[in-house]
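Some notes on the structure that comes next.
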Amino acid sequence: MKLFHSPASPFVRKVRVAAKLRGLDGRIELMPSNPHLSPPELLAANPLSKIPALLCDDGTALIDSLVICEYLDTLGDAPRLIPTAGPARVAALNIHAIANGIMDAAVARRGSAQLPQDEGRQKFDARTKAAVDRALTMLEAMPPAPMDITGATIGCALGYLDFRFAHEPWRAAHPKLAAWFETANALPAFAETMPVG
Ligand code: BEZ
């Protein structure tokens, strides 16, 4: 399998963490790709020119980090990261959506910070920052996440905040989340996929 990849993307990192947690890492070749340049090989896999995109061994192209994680769950013998059905699946996908939403908001905020800061952008910055703050408050109130799709995504979201927003510390206001992250972040799946860029 080939994974179109950037070492800074938290969405790519989620897929890499999932692959490592399920012992599939050795089956994935990383293909460095800059989606802003719309390289033809990425467009052939994903017309939206977004990463991650996964080229399966049979030539099928999969896009979207959660879809790719669902596919990885069908491979190998390790326990699934995403429950297959019922209330457990809905609950896991709901927590995933909160953590993924932190990544969406933080990545959009990071992108907008590089543009001229007119009033509209300042409002956008405040709105996306507030969304992240509220989501962190919600995660702080939840039981510690298991190392399934929820833990993988929360860890990548917090890692991205540390990576791009280190000047906005989140730990003091979220001590339980901070304690959870200290342990999670030391796992090989996270330690071996630290964001770079
Ligand atoms: C970043 O540089 O922060 C970034 C790069 C690719 C995807 C998302 C974020």
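Bear in mind that the values in this text are calculations on the coordinates, not laboratory data. The shown structure was predicted, so the numbers you read here are calculated from the model rather than taken from an experiment. Neighbour counts are summed over all protein chains in view; Cβ atoms, including those assigned to glycine, are modelled from backbone coordinates with ideal geometry.
Report the calculated FRET efficiency for Asp64 and Ala172 (r = Cβ-Cβ distance, R0 = 35 Å), to the nearest 0.05.
On the way: r = 34 Å, r/R0 = 0.97.
The calculated FRET efficiency here is 0.55.
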message: Taking the Cα centre as origin and putting +1 on Lys and Arg beta-carbons and -1 on Asp and Glu beta-carbons, what dipole magnitude results for region 86-128, to the nearest 20 debye?
response: 120
- request: Please turn the phi angles of region 100-105 into ³J(HN,Hα) values with the Karplus equation 6.51 cos²θ - 1.76 cosθ + 1.60 (θ = phi - 60°), one per residue in order, whole Hz, x for glycine and proline.
  value: 5, x, 4, 4, 4, 5
message: I'd like the distance between the alpha-carbon centres of region 78-144 and region 159-197, rounded to an integer number of Å.
response: 14
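Work out how much length Ala97 to Leu115 would gain on full extension: take 0.36 nm times their residue separation and subtract the Cα-Cα distance, in nm to one decimal.
Gain on stretching Ala97 to Leu115: 3.8 nm.
If Lys and Arg each add +1 and Asp and Glu each add -1, what is the summed charge of the other residues whose beta carbon sits under 13 Å from the beta carbon of Lys176? Show your work: numbers first, answer last.
Numbers: positive: Arg171; negative: Glu140, Glu182.
Here the count lands on -1.
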task: May I ask for the net charge around Ser49, where only other residues with Cβ less than 15 Å from the Cβ of Ser49 are counted and Lys, Arg are +1 while Asp, Glu are -1?
output: -1
- prompt: Over region 6-103, how many percent of alpha carbon pairs lie in each 5 Å bin up to the one with the longest distance?
  reply: 2, 12, 22, 24, 19, 13, 5, 1, 0
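Taking every DSSP beta bridge that has both residues in the chain, what percent is antiparallel when rounded to the nearest 5?
Working: 6 of 10 bridges.
Of those bridges, close to 60 percent are antiparallel.
Translational diffusion coefficient, Stokes-Einstein: compute it for region 110-157 using the Kirkwood radius over C-alpha pairs as Rh, at 4 °C and 1.567 mPa s, and state it as an integer in µm² s⁻¹. The partial results should precede the final answer.
Details: Rh = 12.6 Å.
D, rounded to a whole number, is 103 µm²/s.
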Dipole magnitude of the chain about its Cα centre (Cβ charges: Lys, Arg +1; Asp, Glu -1), debye to nearest 20: 360
Cα pair count fraction exceeding 16 Å, expressed as % - region 130-197: 43
- line: Volume per residue (Å³) of the convex hull spanned by the alpha carbons of the chain is 127
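Find how much the distance from Ala44 to Phe165 grows on full extension, using 0.36 nm per residue of separation minus their present alpha carbon separation; answer in nm with one decimal. Walk me through the numbers before you get to the answer.
Values: separation 121, 0.36 × 121 = 43.56 nm, distance 3.31 nm.
Here the answer is 40.3 nm.
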query: In sequence order, what are the phi-derived ³J(HN,Hα) couplings for region 148-153 according to the Karplus relation 6.51 cos²θ - 1.76 cosθ + 1.60 with θ = phi - 60°, rounded to whole Hz, with x for glycine and proline?
result: 10, 4, 6, x, 4, 6
task: Evaluate the charge dipole of region 118-173 about its Cα centre and quote only its size in Debye, nearest 20, assuming +1 on the Cβ of each Lys and Arg and -1 on the Cβ of each Asp and Glu.
output: 80
